[in-house]
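Colleague: Quick one: the structure is below, and I'll ask about it shortly.
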Amino acid sequence: MSAPTTQTSAGAVRSVLLQESGAVAAEGPDAGVAWHYGDPTGEQRALVRGEAVVDLSHRGVLRLTGPDRLSWLHSITTQALTGLPGGSSTESLVLSPTGRIEHALHLVEDGEALWITVEPGTVDALRTWLERMKFMLRVEIADVSDEIAVLGEPSRSPESAHGPVWVDPWPGATPIAEGGTADTAGYSAVSTLEHPGAERPWREVLVPRSSLREAVGERRLAGTWAGEALRVEAWRPRLGLETDERSIPHELDWLRTAVHLHKGCYRGQETVAKVHNLGRPPRRLVMLHLDGSTHDLPAHGDDVVHAGAQGDKRVGFVTTAARHHELGPVALAVVKRSLPVDAELFAVAGTGSEQPRRIAAAQEIVVAP
């Protein structure tokens with residue numbers, strides 16, 4: 001067997017699991033791991049049953065040590081982290097000074113170190129920024145992406161014994177009081193109990209990269225096609241796909257799990273508080289149920305248009321599109337907040353090409369207008 005990882009021409013990690021039978025390599029942000037292993041529909045169903053695992057070894061991994069690691073990260077990101085107990089996990093965002101989303105952090109505290117996994121291609125920029133923010137604090141930051149890999153799996157799978165485990169908090173804690181609501185942010189279209197994300201318990205397992213294949217064991221491998229389809233179904237935002245340079249957490253319903261509304265100051269807090277207390281976000285996340293009578297599927301960034309008497313008007317863009325094993329073609333999209341909830345919509349596959357194709361799209365509200 002060859003070495004566990006090599007580098008692609010674009011500099012991305014190429015997973016050893018791409019050597020498995022039937023593996024078809026993903027492109028774009030998921031380059032370096034498998035898009036599918038020959039049966040994306042079957043892989044989705046196996047994930048739902050808790051019998052499969054997704055190779056996420058292209059994610060970046062940082063390890064933070066030192067006694068100030070939690071209080072320091074608490075002070076510069078959106079989540080309350082002081083006193084985070086060993087064995088627990090959460091997520092947090094790094095915002096710009098104007099409140100735009102720059103990084104999304106999956107955090108696991110094991111009592112000795114804080115592990116952070118991030119989107120492919122973002123670890124260098126995040127580490128550089130964190131190093132600048134250390135000042136005189138007792139924190140050490142190590143990029144361990146070459147040593148540690150990530151596997152994604154349903155939380156209903158048997159408990160892993162390989163390493164730290166990040167449990168996805170999405171869509172938020174179930175309310176304790178009968179009749180209560182977890183919709184503290186006030187933007188969601190539904191409560192936590194009704195949210196489709198409640199049907200997608202998910203976790204990331206950190207494993208030694210040198211034993212990635214052994215960590216998979218006898219479980220079925222599923223590609224990113226399957227994992228992304230289930231993410232879209234769960235309305236789960238992802239950095240770099242649902243976000244652009246203008247995104248704020250409110251637009252994507254990310255206040256549910258990544259932002260603590262009552263903690264002290266952090267970069268970008270003024271925007272978070274102002275929009276939460278005094279206004280509404282300018283855009284909102286929706287799910288689109290796409291016409292399945294053709295084989296077209298829009299790509300990230302393709303236009304969403306409103307068909308009216310004056311012709312098509314661009315009202316947003318597709319962020320992630322996928323073929324779901326039960327729902328058929330679906331997508332997440334970001335649209336103008338003012339768009340009527342009953343507007344006749346089309347996704348324009350091949351936006352900007354010589355032959356764009358209009359695909360009818362029914363809107364399902366994620367963030368209430």
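The values are calculated or read from the model by the stated rules, or taken from the named source; none is laboratory data. These numbers were taken from a predicted model, which means no experiment stands behind them. Every residue, glycine as well, gets a Cβ built from its backbone with ideal geometry; the counts of neighbours run over all protein chains shown.
Colleague: Kindly indicate which of L278, L252, L285 is surrounded by fewer than 23 Cβ atoms within 10 Å (Cβ to Cβ) and either out of contact with any helix residue (DSSP H, G or I) (no Cβ under 7 Å at 6 or more places or on another chain) or under 30 Å from L130 (Cα atoms) (or both).
Modeller: One residue alone meets the criteria, L278.
Colleague: All but one of (1) modelled with pLDDT of 85 or more; (2) within 22 Å of the chain's Cα centre (by Cα) hold for G217; which doesn't?
Modeller: So G217 meets the others, but not (2).
Colleague: Give all pairs with beta carbons closer than 9 Å in which a residue from segment 102-113 that is assigned by TED's automatic domain parsing to the domain that holds I148 and closer than 15 Å to V205 by Cα meets a residue that is of a type in the set (A, V, I, L, M, F, W, C) and surrounded by fewer than 18 Cβ atoms within 10 Å (Cβ to Cβ); count only pairs at least 6 apart in sequence or on separate chains.
Modeller: Every condition considered, the pairs that remain are V108/V167.
Colleague: Considering only residues of segment 298-334 that are closer than 15 Å to I359 by Cβ and either touching a Gly at 6+ places or on another chain (Cβ under 6 Å) or assigned by TED's automatic domain parsing to the domain that holds V275 (or both), which is surrounded by the most Cβ atoms within 10 Å (Cβ to Cβ)?
Modeller: Ranking the candidates gives V304 first.
Colleague: Look through A142, A104, A125 and report the one residue that is more than 16 Å from the chain's Cα centre (by Cα), among the hydrophobic types (A, V, I, L, M, F, W, C) and more than 22 Å from P67 (Cα to Cα).
Modeller: Of the residues listed, the single one that is more than 16 Å from the chain's Cα centre (by Cα), among the hydrophobic types (A, V, I, L, M, F, W, C) and more than 22 Å from P67 (Cα to Cα) is A125.
Colleague: Within segment 19-42, track down each residue that is under 22 Å from the mean Cα position of the chain (by Cα) and assigned to a helix (DSSP H, G or I).
Modeller: G28, P29, D30, P40, T41
Colleague: Here's something else I'd like to know. Among the listed residues V190, V205, V272, which satisfies the condition of being assigned to a loop (DSSP other than H, G, I, E, B) and of a type in the set (A, V, I, L, M, F, W, C)?
Modeller: Exactly one of V190, V205, V272 is assigned to a loop (DSSP other than H, G, I, E, B) and of a type in the set (A, V, I, L, M, F, W, C), namely V190.
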